[in-house]
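Single-structure report; data block below.
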Amino acid sequence: MFRKYVFPTLASVVLLTFATFVASGQTGELRGHANIKQADGQTVPASDAAIDVYRIDLPGKYNTKTNKKGEFVFAGLPYIGTYIIAASHPAAQPTFVPNVKAGRDVDYELSMSPGDGKRLTLDQINGAMASGGGGPSSGSGKENAESRAKREELERKNKEILEKNKKIEETNSIVARTYKAGNEAFVAKNYDEAIKQYDEGLAADPEQPALLTNKALALKARGVDRYNAAITSKDDAAKTSGLEAAKNDFRAAADTTAKAVALIKAQPVPTEPTEQTRYNTNKLATLSTRAETMRLFVTKADQTQVEAGQAAFEEYVAAETDPAKKAKAQHDLAQMLFDANSFDKALAAYQKILAENPDDLDALLRSGQALFNIGAINNDKAKYQEAANFLARFVDKAPDTNALKADAKAILDTLKDQENVKPEKSVTPARRRRP
């Protein structure tokens, strides 16, 4: 008895690149704005204010000036660094904000009051903090009630930022650890452990497309193993439970990649070329994985989802630029539709393939088989005739080593004996004589 196995594709061992999705990148942006609160109480932007950023966990200093709106930005500061931002202006008292981090998407505010334009050194800042001042300072060692209130508010905000950053770093640590452990387990074909590790990472941060995509790959691979083991089992109960477990894996894999695709689409496309390339590569890998998981889900678990499976394949095919991979995906789509008994859709998909390559053996055979099934369902002799024509072309072009050639001949014999349908001879256009 012929048994139909599910074979994992190459995509099942291509794990997604991780760096794009974890917030622990090596550099980040540090931005903010400076203003001056004038004697009349009006706050105005501090344009051309000097901004000095001191790194305090390691030696380092960065300088810039604010624009006309009082805004400043530093791009590419080390993410793990701890910094102090100091602002000074010729018409103001200097101020500073301690214990800040880069890459946290925080707009730091430095508010100054009218003064002598002094510029703080790191030693002066450290002295002010050592004497109990944790924020705005003119370097005089005195602090009025308004300055104290501002300092305390900044300290509160900085504490919140530090707590948030600490949580982010802890989450990143968990995600990175479980991602690595999950991938190692996947390569070792320990799919239960891989899924467990990916789930732990997703519990810390559910919005990680890389973890979701690789979890889907592990679910798909485990489902393939369960399916193949089930159909070879001689125990009916084991076969039934094994097939159900495989279907659940295929369903979970499809749901998981759908979440991954949605998350990637929601992300802003990076503008930096290297990051953009990585983003596009990861998006394409996720689209490919979703198409493959949908193929198994549709054909092995739920044929009512055939339109969703078709949409997943079509989106991947549209995004794929590699001609060989695109062609394979088009064949996989057509085969999925055929295996899901959606013969009209399968025929249309195979016809697209034949439009590009009229001698594609698989498309010729499947077109004939699809037309035969459509003819049988509708008792349509015209479809039988079309089926015979495609099958005859396949038999004529396929080598004798093709294992499916005998099947095509058997269908042609059935059409001849039961329906009195024979392949029509193809008409070769007469060559025009040269004048």
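List of remarks:
- Amide H contacts under 5 Å for GLN93, placed H, 5+ residues apart: SER113, GLY115, ASP116, GLY117
- Ignoring lysines fewer than eight residues from LYS239 along the same chain, the ones with Cα atoms less than 19 angstrom from its Cα are LYS4, LYS220, LYS247, LYS300.
- Reach of LYS425 by Cα under 20 Å, taken over lysines that are not fewer than 8 positions away in the same chain: LYS381, LYS383, LYS397, LYS405, LYS409, LYS416
- Subtracting the Cα-Cα distance of VAL44 and GLU307 from their residue separation scaled by 0.36 nm leaves 88.8 nm.
- With N counted as the residues of the range 313-415, its alpha-carbon radius of gyration over 2.2 N^0.38 Å works out to 1.08.
- Highest-MSF residue in the chain out of ARG290, ARG251, ARG177 [GNM, Cα springs under 10 Å]: ARG177
- Shown is the FRET efficiency for ALA376 and LYS422, computed with R0 = 22 Å from the Cβ-Cβ distance and rounded to the nearest 0.05: 0.80.
- Distribution of pairwise C-alpha distances over the range 42-141, 5 Å bins, in %: 3, 13, 26, 25, 20, 11, 3, 0
- Taking amide H as placed 1.01 Å from N in the peptide plane, GLY76 has its amide H under 5 Å from the amide H of GLY28, GLU29, LEU30, each at least 5 places away in sequence or on another chain.
- Share antiparallel - DSSP beta bridges, the chain, percent rounded to 5: 80
- Close amide H contacts of LEU110 (hydrogens built in the peptide plane, cut-off under 5 Å, sequence separation of 5 or more or a different chain): HIS33, ALA34, ASN35.
- Dipole of the chain [Lys/Arg +1, Asp/Glu -1 at C-beta], most positive-end residue of SER342, ASN228, LEU202: SER342
- Dipole moment magnitude, nearest 20 debye, the chain about Cα centre, only Lys, Arg, Asp, Glu C-beta charged: 980
- Estimated FRET transfer efficiency when R0 is 30 angstrom, pair ALA203-THR271 (beta carbons, to 0.05): 0.40
- For the chain, the Stokes-Einstein estimate of translational diffusion at 4 °C and a viscosity of 1.567 mPa s comes to 48 µm²/s, using the Kirkwood hydrodynamic radius over alpha-carbon pairs.
- Taken over the range 174-300, the convex hull of the Cα atoms encloses 100 Å³ per residue.
- Among ASP52, ASP249, ASP123, residue whose mean-square fluctuation peaks in a GNM of the chain (springs only between Cα atoms under 10 Å): ASP123
- Spin-label model distance (nm) - HIS331 vs ASP400, 7 Å beyond Cα toward Cβ: 2.4
- Among LEU365, ALA50, ALA258 - extreme Cα towards positive end, dipole of the chain, charges at beta-carbon: LEU365
- ASN190-LEU122 pseudo-label distance in nm [points 7 Å out on the Cα-to-Cβ vector]: 4.6
Every number in this text was worked out from the coordinates using simple rules, so none of it is lab data. From a predicted model like this one, the values you see are computed outputs, not experimental measurements. Virtual Cβ from ideal backbone geometry, glycine too; neighbours counted across all protein chains shown.
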